[in-house]
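Colleague: Okay, here's the structure, questions in a sec.
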Amino acid sequence: MWHALKVKGVPVASWSSAQPLNFRPQFVTFCLLCIGLIIFGIGEALLIAAGAGVSPWTVLSQGIALRTSLSIGWATFLISILVLLLWIPLRQKPGLGTIMNAILIAAALELSLPYLPHPEAYTLKLLETVAGILMVGIGSGIYLIANLGPGPRDGLMTGLQRVTGFPIAGVRTSIEITVVVLGWLLGGTVGMGTVLFALGIGPAVSVGLYTVGALSSNKNLNL
């Protein structure tokens, strides 16, 4: 488990795309990209269904909406654009996965949410939150290793990791904590689920990358 938390960078598997900007990937690469994003989306839906607190980025969107005339939806869109602009100095490359990220995660969330439990007991809310965090981590591991381009926030994570050389877990946790603090200072609402996500998503993504890389008989786990 300790090795999983020390992963630096995204592992390369036999089915990984040679480059992110590839619109004609292998069939298996495209399928695994889609599977990873669907798992990611269901994990996000679990977080919403749990009702224990929104994600750090939603807290930031709430805060910006409160301080401006923007709705939460438009605030979320603005944040995504700003994060994509940060890709430029980090030399991140978009790809098919960047596009599919927006489509499949939203679709998986929308379709799965009505069928997920909405517990009343607080303990069950927290357990569902943890399950959602783990699913987001595993889904991230699969779709990032496909190497067809990350989503805006994951691209920020991998870009900062490459520049700093720090482990994925630490980089992602630092980003999430920074975002939730900014959102809270702007007036966003923070719940226990928010705290669990901010502290747990970095290790969950790192474990997801390590696990998927190991199951793919990958020799380059970048520890």
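The values are calculated or read from the model by the stated rules, or taken from the named source; none is laboratory data. This one's a predicted model, so the numbers in the text were calculated from it and none came from an experiment. Methodologically, a virtual Cβ is constructed for each residue, glycine included, from the backbone with ideal geometry; neighbour enumeration extends over all protein chains shown.
Colleague: Please state which of the following conditions residue 182 fails to meet, knowing it meets all the rest: (1) crowded, with 22+ Cβ neighbours inside 10 Å; (2) more than 24 Å from residue 99 (Cα to Cα); (3) not β-branched (Val, Ile, Thr).
Modeller: (1)
Colleague: Moving on to the next point. Would you mind finding the one in 155, 165 that is within 20 Å of residue 34 (Cα to Cα) and in contact (Cβ under 8 Å) with a residue 24 or more places away in the chain?
Modeller: 155
Colleague: Given the residues 54, 130, 59, which is the only one that is over 27 Å from residue 29 (Cβ atoms), part of a loop (DSSP other than H, G, I, E, B) and among the β-branched types (Val, Ile, Thr)?
Modeller: 54
Colleague: With 71, 61, 55 as the choices, which residue is buried (at least 23 other Cβ atoms within 10 Å of the Cβ), farther than 19 Å from residue 208 by Cβ and either modelled with pLDDT under 95 or of a type outside the set (Phe, Trp, Tyr) (or both)?
Modeller: 61
Colleague: Among (1) out of contact with any Lys or Arg (no Cβ under 6 Å at 6 or more places or on another chain); (2) buried (at least 21 other Cβ atoms within 10 Å of the Cβ), where does residue 190 come up short?
Modeller: (2)
Colleague: Additional query: Collect the residues in region 150-179 that are surrounded by 24 or more Cβ atoms within 10 Å (Cβ to Cβ) and basic (Lys, Arg), keeping them in residue-number order.
Modeller: 172
Colleague: Further question on the same structure: I'd like to verify a number: residues in region 161-183 that are touching a Leu at 6+ places or on another chain (Cβ under 7 Å) and part of a helix (DSSP H, G or I), how many?
Modeller: 9
Colleague: Against the condition modelled with pLDDT of 95 or more, surrounded by fewer than 22 Cβ atoms within 10 Å (Cβ to Cβ) and touching a Leu at 6+ places or on another chain (Cβ under 8 Å), how does residue 66 come out, does it pass?
Modeller: No.
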